[in-house]
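K.L.:
Quick one: this structure, given as structure tokens, is what I'll be asking you about.
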Amino acid sequence: MNRKELIEAILKNKELSHMTKKEAEQFLGTFIDVVRKTVKKGDDVSLVGFGTFSRVKRAARMGMNPATGEKIKIKARTLPKFRPGKAWKEMF
């Protein structure tokens, strides 16, 4: 499902049928922006029953170029992470 399909699915919900497509797009865009900014700042976003967005630090490490076999150093970096909530995990 892509962004456009997600917006269409949201609009099919009976409780949200009053929303226009533009309002749904703005809501989704705002939600994504708030989550990105919050996680970038270092805070977690926890949605009970869905999951938690957070950021993790990955340490520097040694890797290998699979084409040449040459060892390379991979720099440390900070990445976003999503952990599904208990209810979501139990669905599978």
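K.L.:
Taking the residues in the range 41-92 that are aliphatic (A, V, I, L, M) and under 17 Å from PHE31 (Cβ atoms) as candidates, determine which candidate is modelled with the lowest pLDDT.
P.N.:
Per the stated criteria, the residue is VAL48.
K.L.:
Next question, about the same structure. Taking only the range 22-71 into account, find how many residues are among the aliphatic types (A, V, I, L, M) and in contact (Cβ under 8 Å) with a residue 12 or more places away in the chain.
P.N.:
Qualifying residue count for the region: 10.
K.L.:
Moving on to the next point. Condition first: in contact with a Ser or Thr (Cβ under 8 Å, 6 or more places away or on another chain) and in a strand (DSSP E or B). Now tell me which residues in the range 78-89 satisfy that.
P.N.:
Those that are in contact with a Ser or Thr (Cβ under 8 Å, 6 or more places away or on another chain) and in a strand (DSSP E or B): PRO80, LYS81, PHE82, ARG83.
K.L.:
Among the residues of the range 28-44, is there at least one that is in the same structural domain as LYS12 (by TED's automatic domain parsing) and in contact with a Phe, Trp or Tyr (Cβ under 6 Å, 6 or more places away or on another chain)?
P.N.:
Yes.
K.L.:
If I ask for residues that are assigned to a strand (DSSP E or B) and within 14 Å of the chain's Cα centre (by Cα), which ones from the range 26-77 would you list?
P.N.:
Passing the criteria: VAL45, SER46, LEU47, GLY51, THR52, PHE53, SER54, ARG55, VAL56.
The values are calculated or read from the model by the stated rules, or taken from the named source; none is laboratory data. From a predicted model like this one, the values you see are computed outputs, not experimental measurements. Cβ sites come from the backbone with ideal geometry, for glycine too, and all protein chains shown count toward neighbours.
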